[in-house]
Each structure stands twice: as C-alpha cells, then as structure tokens.
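A.B. asks: A single structure is presented below for examination.
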Amino acid sequence: MAEKKSKVLVVGSTGKLGRELVMASCAASHPTLALVRDLSILCSPSPSNSDKSLLLRSFLSHGVQLLQGSFDDYVSLIQAVKQVDVVICAVPSKNALEQMPLIRAIKEAGCIKRFIPSEFGADPTKVQILGMDYDFYEKKAVIRQFIESEGIPHTYISCNFLMRYLLPSLVQPGLDSPPRDEVKIFGNGNTPAIFVKDCDVAKFTICAIDDLRTLNKTLYLRPPGNICSMNELVDMWENKIGQKLKKICISEEQLLKNINAYEKIEKMVQESERYEAEVEELNKKGEAKNVLENYVYNMRNTIKDDKTSSKIADADKKKVEYVIDQAMISNQLA
Ligand SMILES: NC(=O)c1ccc[n+]([C@@H]2O[C@H](COP(=O)([O-])OP(=O)(O)OC[C@H]3O[C@@H](n4cnc5c(N)ncnc54)[C@H](OP(=O)(O)O)[C@@H]3O)[C@@H](O)[C@H]2O)c1
C-alpha cells in the first residue's frame, strides 16, 4: 500500500520562499494548505496586489487549499494547524518572533509531526555578525529555544545565502546588478560562501519533512557545486563579459571600520526618526487638546445659556459643570 503523504501547511505562503515551498510540496504530492493573511485579494484584486491574486489562483489550480489566518488571530492558527501534520513557516526575519503564537498553537493542537520555523539562512547559534543584522539571528535563536522548550518535533534549515540575495550584485553593497568597471573584494577574496536557489531550498525542505534522519536536527544545505569564493565569482563574471574589472581590495580591518561608521550613521538615522515620531505625537496631542478645549468651552457656554439652562435639571447641571471643571483642571485648559 502506498505511504500516506503528510499534509503540509505553509505560513508566509505568498512570500518569495513561501511560494516555492508551496509548489515543492504540491510537486511532491503532499496535500498542501497555504495560510494567507488576506484572502479577499482573490475576489477584488487591486493593481497593487494583482501579482498576489495571480499567485493565489495558481495555488488553487495546483490543488492547494487556501486558509485565511495570521499570527494575531490565534483561533485561525489553531484551526489551520489542526488540519495538518507538518507546518513550514517562511515569514521574514524581522517577524521571526511573531512565530510564538504559531508555536503555541502547534503545542496545543498536538498533531504536528514536524515544524520547520522560518530560518533559511546561517545557523543562528553559530553566527557572529557584529550587530549588523538587526538582531535577526538572535530572534531566530530565541525561537529555537522556545520550540525546544515546548518539545515540538522540528527541523532547522540552514541554507546560507539564497541566490537572490547578494549574488545578483556580485556581493557589492548598494548595487542591483554586477559591476562592469570596478569590484570590491572583501578580505583576501578566498573565503568560500554557499549560494542556493529558493526553489532548491524548498525541494530539500520538503524532502526533509518525512525523513527521520532530520528529526530534531539542523539540515545544512551545502551543494558542492554552489560553493564559491569572491575571487571565483569575479573570475566567472569577467569571463562572461569578456572584460577585466578593476579590483579594490578592502581589508578585514577596513571593512570593520566601515561597518562601525555605518552603524553610527544608522543609529543617528534611527534617533532622528524617533525624534520625528515624538514630535508628530506631540503635534497630534496638541490638535486633540484644541478639539477638547473647543468642546469644553462650547459646553460651558451652552450650560450658561438661559434657553438651554432652563431645560436642564439642577442636579444634571451640577454634574455637567463638575465634569467641565475636571476636564479643565486635568487638561490645564483654564
Ligand atoms: N539566507 C538568505 O540569504 C536569505 C535571504 C532572504 C530571506 N531569507 C529567509 O527566508 C525566509 C523567508 O523570507 P522571504 O524573503 O521569502 O520573505 P518574504 O518574501 O518577505 O515573504 C514574507 C511572507 O510572510 C508573510 N508575512 C509577512 N509578515 C507577516 C506577519 N507579521 N504575519 C504573518 N505573515 C507575515 C507575507 O504575507 P503577505 O503576503 O500577507 O504580506 C509573505 O507571505 C526568512 O526566514 C528569511 O530570513 C534568507
């Protein structure tokens, strides 16, 4: 008898990696469910989300079951998780900590054979990144601790660099395409890095979900043909365009100095953004105070007006006057 295929739920299914996971799961004949934050885009696609609408339609045409749900709606998480055996999450790194309610739902549902949290990068317990990663790795490490403390069967996927990240610019910060004149080489340029395509990461992930060898382990994706140093990358590019590039070597020491300078600028930008937000908040409070002030003065005039005043009982009048006095004192309107 054919082995029953695990039912797979993909959270973050409309994302770049998420959609590959959905397709890889379907391709491997797993009954596949996709959690989507806003299913209404299927019926009324606006120009801004027409791509997502098309994507959801393509999911449907592949037999994917769409479920509406999000991290802020615990009931939706529980309902989704209870329908499957495997949960794979592919939300962005900055939202890593938001996986907590999903993990609670998995614990409560008690039916999940394997959870793959949103990692898909370097191993967060091994990486040292000088505070340059906006705490992405720290958040992912916290999620690991929570999964393990809750005793949830899991596999962590460590795929190093996704090809769409850094590679299109030949690892040149700030560029969208490889340079044609000069190229920065960091360190001696011989350190190997691993680059894997999203669709391959997705296929390996789907292969891992029912493989007992990967249960409660980290799966490191290191295809030998995808390991390449910066010097090798530049060589390949030069051969492709038939042209030599000017090499600017940035020593490790210089790179660290640049990173520190960058961090200082980032801090200044963050502080000025925070200051701007505080000023905006104060302005808003000022506007609200004006509205309240007008309201209180109107109320006071109304209560003093003979025509209105004669229609209000003395006890009620006293109550209103008391409220006006309190509002004036607490908001310093007097
Ligand atoms: N190793 C690398 O080089 C590398 C590079 C990039 C990413 N990654 C990793 O790959 C994983 C996925 O990243 P990605 O770039 O594919 O992400 P992405 O394209 O930004 O996709 C994000 C997905 O998560 C959903 N989402 C966003 N915020 C959410 C929230 N608060 N609650 C629920 N769902 C939310 C989005 O839903 P909506 O459609 O509703 O917005 C979308 O489906 C992450 O773990 C990231 O660290 C690794």
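A.B. asks: Taking the chain as the reference, fit the longest principal axis to its C-alpha atoms, fit the long axis of helix 252-304 to the helix C-alpha atoms, and give the angle between the two in degrees, 0 to 90, nearest 10.
C.D. replies: Computed tilt is about 20 degrees.
A.B. asks: Further, regarding this structure: List the lysines whose Cα sits under 25 Å from the Cα of Lys289, skipping any in the same chain fewer than 8 residues away.
C.D. replies: Lys304, Lys317, Lys318, Lys319
A.B. asks: Still on this structure: Quick one: which of Lys107/Lys197; Lys203/Lys264; Lys197/Lys247; Lys7/Lys197; Lys217/Lys267; Lys16/Lys139 span more than 29 angstrom between C-alpha atoms?
C.D. replies: Over 29 Å apart, Cα to Cα: Lys107/Lys197; Lys203/Lys264; Lys217/Lys267.
A.B. asks: Let me ask something else. What does the extension gain come out to for Asp181 and Asn290, with contour length at 0.36 nm per residue minus their alpha carbon separation?
C.D. replies: Full extension from Asp181 to Asn290 adds 33.3 nm.
A.B. asks: Compute the distance in nm between two label points, each set 7 Å from the Cα along the Cα-to-Cβ direction, one at Cys111 and one at Glu281.
C.D. replies: Distance between the two pseudo-spin positions: 4.4 nm.
A.B. asks: Can you give me the accessible area per residue for the range 208-266, using a 1.4 Å probe, in Å²?
C.D. replies: Heavy-atom SASA per residue in the range 208-266 reads 70 Å².
A.B. asks: Using a Gaussian network for the chain with springs between C-alpha atoms less than 10 Å apart, which of these wobbles most: Ile206, Ile194, Ile312?
C.D. replies: Ile312
A.B. asks: Okay, moving on. Out of the total accessible area of the range 1-124 (probe 1.4 Å, heavy atoms of protein only), what percent is carbon and sulfur?
C.D. replies: Solvent-exposed carbon and sulfur of the range 1-124 make up 53 percent of the total.
A.B. asks: So what J values fall out for the range 88-93 if you push phi through Karplus, 6.51 cos²θ - 1.76 cosθ + 1.60 with θ = phi - 60°, rounded to Hz, Gly and Pro as x?
C.D. replies: Those phi angles translate into 10, 10, 9, 7, x, 4 Hz.
A.B. asks: For the chain, give me the percentage of DSSP beta bridges that are antiparallel, rounded to the nearest 5 percent.
C.D. replies: If I count the DSSP bridges inside the chain, around 10 percent turn out antiparallel.
A.B. asks: Compute the acute angle (0 to 90°) between the alpha-carbon long axis of helix 100-109 and the principal axis of greatest extent of the alpha-carbon atoms of the chain; round to the nearest 10°.
C.D. replies: Once rounded, the angle reads 80 degrees.
A.B. asks: Follow-up. Roll a 1.4 angstrom probe over the protein heavy atoms and tell me the percent of accessible area of the range 271-330 that is carbon or sulfur.
C.D. replies: Within the range 271-330, the accessible surface is 53 percent carbon and sulfur.
A.B. asks: To the nearest 0.05, how large is the calculated FRET efficiency for Ser46 and Leu66 if R₀ is 22 Å and r is the Cβ-Cβ distance?
C.D. replies: Working from the Cβ atoms, E equals 0.75.
A.B. asks: In the neighborhood of Glu278, defined by Cβ-to-Cβ distances under 11 Å, what is the net charge if each Lys or Arg adds +1 and each Asp or Glu adds -1?
C.D. replies: Around Glu278, the charge tally is -2.
The values are calculated or read from the model by the stated rules, or taken from the named source; none is laboratory data. Note that the coordinates shown come from a computational prediction; the quantities given were computed from them, not determined experimentally. Glycine gets a Cβ as well: all are built from the backbone with ideal geometry, and neighbour counts include every protein chain shown. Note: areas computed on protein heavy atoms with side chains; ligands, DNA, RNA excluded. Shrake-Rupley method; radii C 1.70, N 1.55, O 1.52, S 1.80 Å.
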